[in-house]
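In what follows, a single structure is set out as structure tokens and then discussed.
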Amino acid sequence: MGTLAGKTALVTGGSRGIGRAIAERLAADGALVAVHYGRNTAAADDVVAAIRAEGGHAFTVHAELGRPGDVETLWDGYDRQVLQNSEQAGLDILVNNAGITPRGEIEETSPEAFDEAVAVNMRAPFFLTQQALKRLHDGGRIINVSSGATRIALTDIIAYAMTKGAVDAFTLTLAKALGSRGITVNSVAPGIIDTDMNASWLRGNEAAEQSAAELSALGRVGRPEDVADVVAFLASDDARWVTGQVLDATGGSQL
Ligand code: NAD
């Protein structure tokens with residue numbers, strides 16, 4: 001029996017990239033996983049099918065984050081489906097993973113791009129978590145996916161870095177606020193990971209791949225599983241005494 005057997009997890013942005021790897025890993029560890037997605041129903045269905053093919057348990061939840069009513073839509077869908085898939089309501093593990101990366105130096109960043117990043121990367125996890133607290137069992141886990149870009153200065157993603165810095169501040173403060181319920185709150189901060197988010201500038205561009213690999217002390221670009229394994233640790237009982245922390249999964253990119 002997996003270490004997360006009997007637990008229920010929600011992974012936002014679980015239909016691809018890092019979120020997909022997290023959803024698959026938590027399911028492999030025995031959790032029932034709600035795979036949240038924004039637009040791509042087929043991709044989310046594919047993740048659920050892959051999990052079920054391995055003997056795991058999962059279902060999809062839809063909501064386009066950063067839009068009016070997003071949080072209500074997500075939790076309505078979740079509450080309905082969790083009872084169809086499990087004997088108990090509520091939630092044990094929330095992974096705030098969904099995010100967007102507007103690219104541009106400070107001079108090139110439009111107010112619209114900035115506001116969208118704030119809406120998806122900051123506002124959505126804040127209010128999603130606020131509503132999660134009504135469902136999260138005592139002893140639960142909140143894991144926020146932030147970014148190594150809060151500590152490695154990459155000037156062409158400056159607005160993104162700012163939103164992710166806010167996520168880490170949220171982690172710190174929320175950990176204190178929820179400690180009395182035995183709920184831990186941590187951030188995982190990935191370095192450059194080979195996902196669709198980075199496809200346009202990374203894949204097939206040898207020079208970009210090489211400089212991304214050289215940024216890490218371990219000499220390669222990260223994989224979604226490199227992040228998912230850290231999330232799995234934070235979700236596990238082994239991490240019961242870890243809270244309010246930002247764990248780097250950057251391959252040592254800031255060294
Ligand atoms: P990705 O673009 O491949 O996946 C992002 C996921 O979030 C997708 O499933 C997407 O549908 C979802 N999402 C985005 N906007 C949404 C919205 N408005 N409503 C609903 N869903 C939405 O990206 P990824 O690389 O897998 O990134 C996952 C997380 O990791 C993000 O928070 C990202 O900022 C963070 N991160 C990624 C890297 C990297 O190099 N890939 C590095 C550091 C941090």
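The values are calculated or read from the model by the stated rules, or taken from the named source; none is laboratory data. Since the structure is predicted, the reported quantities are computational estimates derived from the model, not experimental observations. Counting neighbours? That spans all protein chains shown, and the Cβs are built from the backbone with ideal geometry, glycine included.
How many residues, within the range 190-201, are modelled with pLDDT of 95 or more and either more than 21 Å from the chain's Cα centre (by Cα) or not small (Gly, Ala, Ser) (or both)? Walk me through it before giving the result.
Within the range 190-201, the subset modelled with pLDDT of 95 or more is 190-195.
After this cut, where a residue has to be either more than 21 Å from the chain's Cα centre (by Cα) or not small (Gly, Ala, Ser) (or both) as well, the list is 190, 192-195.
Here the count works out to 5.
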Thr3: passes all of (1) touching an Asp or Glu at 6+ places or on another chain (Cβ under 6 Å); (2) of a type in the set (Val, Ile, Thr); (3) in a helix (DSSP H, G or I) but (3)
Residue check: is Val35 β-branched (Val, Ile, Thr), closer than 25 Å to Leu133 by Cα, outside any loop (DSSP other than H, G, I, E, B) and within 10 Å of the ligand (Cβ to nearest atom)?
yes
Has the range 229-242 got any residue that is among the charged types (D, E, K, R), within 12 Å of the ligand (Cβ to nearest atom) and assigned to a loop (DSSP other than H, G, I, E, B)?
no
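Look at the range 6-17 and say how many of its residues are in a helix (DSSP H, G or I) and surrounded by 24 or more Cβ atoms within 10 Å (Cβ to Cβ).
Here is the first cut: in the range 6-17, the residues in a helix (DSSP H, G or I) are 17.
In the following step, the residues that additionally are surrounded by 24 or more Cβ atoms within 10 Å (Cβ to Cβ) were identified as none.
Qualifying residue count for the region: 0.
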Residues located in the range 54-97, provided they are farther than 22 Å from Val185 by Cα, within 19 Å of the chain's Cα centre (by Cα) and polar (S, T, N, Q):
Thr60, Thr73
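Could you tell me whether Ile51 is surrounded by 16 or more Cβ atoms within 10 Å (Cβ to Cβ), within 12 Å of the ligand (Cβ to nearest atom) and not polar (S, T, N, Q)?
Judged against the criteria, Ile51 is not a match.
Do we have Gln88 as surrounded by fewer than 16 Cβ atoms within 10 Å (Cβ to Cβ), over 21 Å from Asp138 (Cα atoms) and in contact with a strand residue (DSSP E or B) (Cβ under 8 Å, 6 or more places away or on another chain) here? Spell out the reasoning first.
Details: surrounded by fewer than 16 Cβ atoms within 10 Å (Cβ to Cβ): yes; over 21 Å from Asp138 (Cα atoms): no; in contact with a strand residue (DSSP E or B) (Cβ under 8 Å, 6 or more places away or on another chain): yes.
Criteria not met by Gln88.
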So Leu172 passes all but one of these: (1) buried (at least 18 other Cβ atoms within 10 Å of the Cβ); (2) over 13 Å from the mean Cα position of the chain (by Cα); (3) closer than 19 Å to Val230 by Cβ; (4) more than 13 Å from the ligand (Cβ to nearest atom). Which condition number does it fail?
(1)
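Residue-by-condition table, conditions (1) free of Cβ contacts under 8 Å to residues at least 60 places away in the same chain; (2) of a type outside the set (A, V, I, L, M):
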| site | (1), (2) |
| --- | --- |
| Val71 | no, no |
| Trp75 | no, yes |
| Leu83 | yes, no |
| Ser86 | no, yes |
| Val95 | no, no |
Give the residues of the range 123-167 that are part of a helix (DSSP H, G or I), touching a Pro at 6+ places or on another chain (Cβ under 7 Å) and within 11 Å of the ligand (Cβ to nearest atom), sorted by residue number.
Gly148, Tyr160, Val167
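Can you confirm whether the range 18-30 contains a residue that is touching a residue at least 40 places away in the same chain (Cβ under 8 Å), more than 16 Å from the ligand (Cβ to nearest atom) and surrounded by fewer than 17 Cβ atoms within 10 Å (Cβ to Cβ)?
So in the range 18-30, the residues touching a residue at least 40 places away in the same chain (Cβ under 8 Å) come out as 18-22, 24-26, 29.
This time we only want the ones that are more than 16 Å from the ligand (Cβ to nearest atom), so: 29.
Still in the running and surrounded by fewer than 17 Cβ atoms within 10 Å (Cβ to Cβ): none.
Looking for residues that are touching a residue at least 40 places away in the same chain (Cβ under 8 Å), more than 16 Å from the ligand (Cβ to nearest atom) and surrounded by fewer than 17 Cβ atoms within 10 Å (Cβ to Cβ), one finds none in the range 18-30, hence no.
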Out of all the residues in the range 132-155, which are loosely packed, with under 15 Cβ neighbours inside 10 Å and of a type outside the set (A, V, I, L, M, F, W, C)?
Lys134, Asp138, Gly139, Thr155
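Is it fair to say Gly204 is more than 16 Å from the chain's Cα centre (by Cα), at pLDDT below 95 and either within 11 Å of the ligand (Cβ to nearest atom) or more than 30 Å from Gly140 (Cα to Cα) (or both)? Before the answer, list the steps.
Working: more than 16 Å from the chain's Cα centre (by Cα): yes; at pLDDT below 95: yes; either within 11 Å of the ligand (Cβ to nearest atom) or more than 30 Å from Gly140 (Cα to Cα) (or both): yes.
When the stated conditions are applied, Gly204 passes them.
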